[in-house]
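Where a number appears in this text, it was derived from the coordinates with a stated rule and is not lab data. Only a predicted model underlies this, so the values are computations on that prediction, with no experimental measurement involved. Note: ideal-geometry Cβ built from the backbone for every residue, glycine included; neighbour counts use all protein chains shown.
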Amino acid sequence: MGKIHILEEQIANQIAAGEVVERPSSVVKELVENSIDAGSTKIDIVIEEGGLQSIRVTDNGSGIEKEDCELAFLPHATSKISSSKDLFQIRSLGFRGEALPSISAVSKMSCITSTENTGLGYKVVNEGGVLKAVEETRASKGTDITVKELFYNTPARLKYVKTIQTELGHISDYIYRLALAYPDIRFTLTHNGKTLLQTLGNGDLLQVIAAIYGRTVAKAMIQVTGSNMDYSLSGYIAKPEMTRSNRSSISFIVNGRYIRNPFLNKAILNAYHTLLPIHRYPICVLHIQMDPTLLDVNVHPAKLEVRFSKEKELMVFLEQELRKSLQKQVLIPAAKEPKSEKTVVIQEKLNLYSAQPQHSTENKDVTSEGFRNDSLTKNESVIVNSKSEGITDNIAKDQSILRDDNDSIQNHRQQYKPYDDQRFANTNNKSSREAVNQFVSSQNQTNEVINHSLPEFPKLHPIGQMHGTYVLAQNESGLYLIDQHAAHERINYEYYYYKFGNPEPISQELLIPITLEFTPTEAELLKDRLIYFEQVGVQLEFFGGNAFRVGSYPYWFPKGEEKEIITEMAEWVLTEKKAIDIAKLREKSSILCSCKASIKANQYLSISEIEALLDKLTGCRNPYTCPHGRPIVISFSTYELEKMFKRVM
């Protein structure tokens, strides 16, 4: 006698429910998506005990016809596709016809629905996949579905359900995504009588962001728009100062469907390149519209993942548009968010300064902190107070790379000072700054054409230093603090990135080559990857055994740091398992060199050196963060300073 038999419909539905209904949030997802497909403008979700006791979804959509009430609970019954061709141009959120039968198979479900405003409708009761009743009842237009005692007949599934707070977290997270996807729908989410989310449904995405993430986040958002022949992009991204510790705040809405996609996440991070600290991620809400034939949504039971037919092109488009939006912003974080302007009482300001006689430059004072008076010119020599700790001859030598007045300094600067190339000369004027932007932008992997009408970095007037680490500057807007190491690191990074991308035939030949040793395994791997060093101007060759020899390197390598830099480059090349990306090698090498060559904390600068540093920073393509994503400048508005001192009441 044969062993194969057909499963009963009830058991088959329970098995199918295992793919569709993983937890209470799966039920909420399927029901709310059906409500959206029904054209609803108002959806209420009421949850009790994390969805295990009760889930109720009420909408004002088109409702279900009388003759369809029973069919809706049968497997694979759907009104959204009719042929295989429809699978390649899906425009609805649901289409498989698995939601209602799968949910009802593992719960006690009731559905009240009406297609008219007559006050009459129909009620369908289904328990454990068995239809109990279909009867007339009073009902408003739309659909009201209640799911109780989820997994009551599948105890094996019930024991894997997490705590109430965990399940509620999954539910609220997905409703937040749907609210962001459909700002024109009024969503209300309630748990145990407490309202967790309520949106207005007026189509304002920024208001939905404020309702979910808070007003502070909403104020830090940057609007993004863009389009090409295949894609249309809209939404908001956060300024780099507003970050999260994971990627959970990145939301992609593709043709109205919230999806997860690691490649699009990568495009986001590429757009924020060097703007974010390590292990920090932005807040993004991005709507992408495209022809349905360009994506396949039928690759995941929960439909959270899709497959793009032009994935690489979409990544390039997304990265370009986000980078353009970021480059239009002045990304200087405020120490405290300024409040809105209003009528205030301002304390009278008295002039406490008497006229001072002008002195010759020979008698100018130097403070004990190593600061010179503002009236000192750039071309004057720096007088160092012997009592000032930290201003030693060695440190003064390091700082000499920022001066512009001495021939010996010029010779020293030629070794590794940024902008010694003609392309980088005179970067303190607008046209030269745009030339730098254009050049560095051309090195990006996306080969994008950047709009050079970028916001000007604010003109700052140096005041002095704090603890030999932070530069203090001012303008009419308020007070600015600049991290001198981060600022110099950004200047150096853009310089070295250019140099590594355009290796010159002239290099520093070594009388005594540098020898590097590796393990036998590393040596075998490195022998096949020597070509990559040549592409960035380093002559590294096998020397026998486990040793390699550096015959030459670029003359602009930071003095005294050459061996360490090449060693770290080799270590990175060895850790890459896949094919080496030469652009990443350039970037890693640029960061290494920029960090080694930059002035450090506790190094005191003169006013002329500070001015030179700020001038060079102004010429950078991105003067707001260092290559590691740390902020370079923060600001204190004059208004906030006056509030601190009670000048504004």
Nearest-0.05 FRET efficiency for ARG215 and ASN502, computed from C-beta distance (R0 35 Å): 0.15
Let a ≥ b ≥ c be the square roots of the eigenvalues of the Cα gyration tensor of segment 508-597; is it rounded (a/c under 1.5), or, if not, prolate (a/b larger than b/c) or oblate? oblate
Under a Cβ-Cβ cut-off of 12 Å, what is the net charge of the residues other than GLY629 that fall near it, where Lys and Arg count +1 and Asp and Glu count -1? +1
Could you give the dipole magnitude of segment 156-310 about its Cα centre, charging the beta-carbon of Lys and Arg +1 and that of Asp and Glu -1, in debye to the nearest 20? 520 debye
What percent does the relative contact order of segment 9-198 come to when contacts are Cα pairs within less than 8 Å and at least six residues apart? 27 percent
How far is the Cα center of segment 115-182 from the Cα center of segment 607-649, in Å? 54 Å
What FRET efficiency would be calculated for the residue pair LYS328, ALA133, taking the C-beta separation as r and a Förster radius of 60 Å, to the nearest 0.05? 0.50
Relative contact order for segment 508-597 using alpha-carbon pairs under 8 Å, separation at least 6, rounded to a whole percent? 31 percent
Report the relative contact order of segment 184-308, percent, no decimals, based on alpha-carbon pairs under 8 angstrom and at least 6 residues apart. 21 percent
How far apart, in nm, are the 7 Å Cα→Cβ label points at ASP581 and ILE278? 1.7 nm
Express in nm, to one decimal, how much length is gained between GLU70 and TRP572 on full extension, taking 0.36 nm for each residue of separation and deducting their alpha carbon distance. 174.4 nm
Given points 7 Å out from each Cα along the Cα-Cβ axis, report the ASN246 to SER227 separation in nanometres with one decimal. 3.7 nm
Neighbourhood charge, 15 Å Cβ-Cβ cut-off, centred on LEU52 and excluding it, Lys, Arg +1 and Asp, Glu -1: +2
Find out how many positive minus negative residues lie around ARG157, taking Lys and Arg as positive, Asp and Glu as negative, among other residues whose Cβ is under 11 Å from that of ARG157. +1
